[in-house]
Structure formats: structure tokens, C-alpha cells
1. Of all residues in region 44-58, how many are aromatic (Phe, Trp, Tyr) and either exposed (fewer than 15 other Cβ atoms within 10 Å of the Cβ) or out of contact with any strand residue (DSSP E or B) (no Cβ under 8 Å at 6 or more places or on another chain) (or both)?
2. Taking into account only those residues within region 12-24 that are outside any helix (DSSP H, G or I), under 17 Å from LEU52 (Cβ atoms) and not β-branched (Val, Ile, Thr), which is nearest to the chain's Cα centre (by Cα)?
3. Can you pull out every residue in region 34-43 that is assigned to a strand (DSSP E or B) and either among the hydroxyl-bearing types (Ser, Thr, Tyr) or surrounded by 11 or more Cβ atoms within 10 Å (Cβ to Cβ) (or both)?
4. Residue pairs, Cβ under 6 Å, 6 or more apart or interchain, first in region 1-23 and within 16 Å of ARG36 (Cα to Cα), second at pLDDT 75 or above and in a loop (DSSP other than H, G, I, E, B). List them.
5. Kindly provide the set of residues from region 28-45 that are farther than 20 Å from THR11 by Cβ and of a type in the set (Lys, Arg), ordered by number.
6. Restricting to region 21-33, give me the number of residues that are in contact with a helix residue (DSSP H, G or I) (Cβ under 8 Å, 6 or more places away or on another chain) and surrounded by 12 or more Cβ atoms within 10 Å (Cβ to Cβ).
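The values are calculated or read from the model by the stated rules, or taken from the named source; none is laboratory data. Predicted, not measured: the structure shown is a model, and the values here were computed from it. Don't worry about glycine lacking a Cβ; one is built from the backbone with ideal geometry, like all the others, and counts go over all protein chains shown.
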Amino acid sequence: MINDKTWRKSTHSGAGNNCVELAVDRTSTRVRDSKRPEPQLTFGERPFRAFLTLLRQT
């Protein structure tokens, strides 16, 4: 179960509240906007890795 303490944002985000946050557990990765924490996107491990691969190609 993911709780509020497990959300992380990039160290490159600075002190502002304008970033993407991730929460990772054994079976999934959740993604949310720091200024609007709902809704959250939930990815399984393989789809999230594919998503990251596509981001790196752009």
C-alpha cells in the first residue's frame, strides 16, 4: 500500500509545487501532479518501463 510519505519528486524540480511525483511499490508505479494529486495514474512494471523508454527517445 502506498501512503503519502512514499511520494517522491525529482531533485531537479526545485522548491516549487509544479512537478510530477512518483510512488513505487513492489507491483506498481503511481504518478501524480504535485499541485493536483488526484487523479493518479497507476502503471504495472512493464508498462512503466516502456513509458520511460519512449520518453527517453524524444
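1. 1
2. The extreme case among them is LEU22.
3. Matches in region 34-43: PRO37, GLN40, LEU41, THR42, PHE43.
4. Matching pairs, first to second residue: LYS9/CYS19; SER13/CYS19; ASN17/SER34; ASN17/LYS35; CYS19/SER34; GLU21/TRP7; GLU21/SER34; ALA23/TRP7.
5. ARG36
6. Matching residues across region 21-33 total 4.
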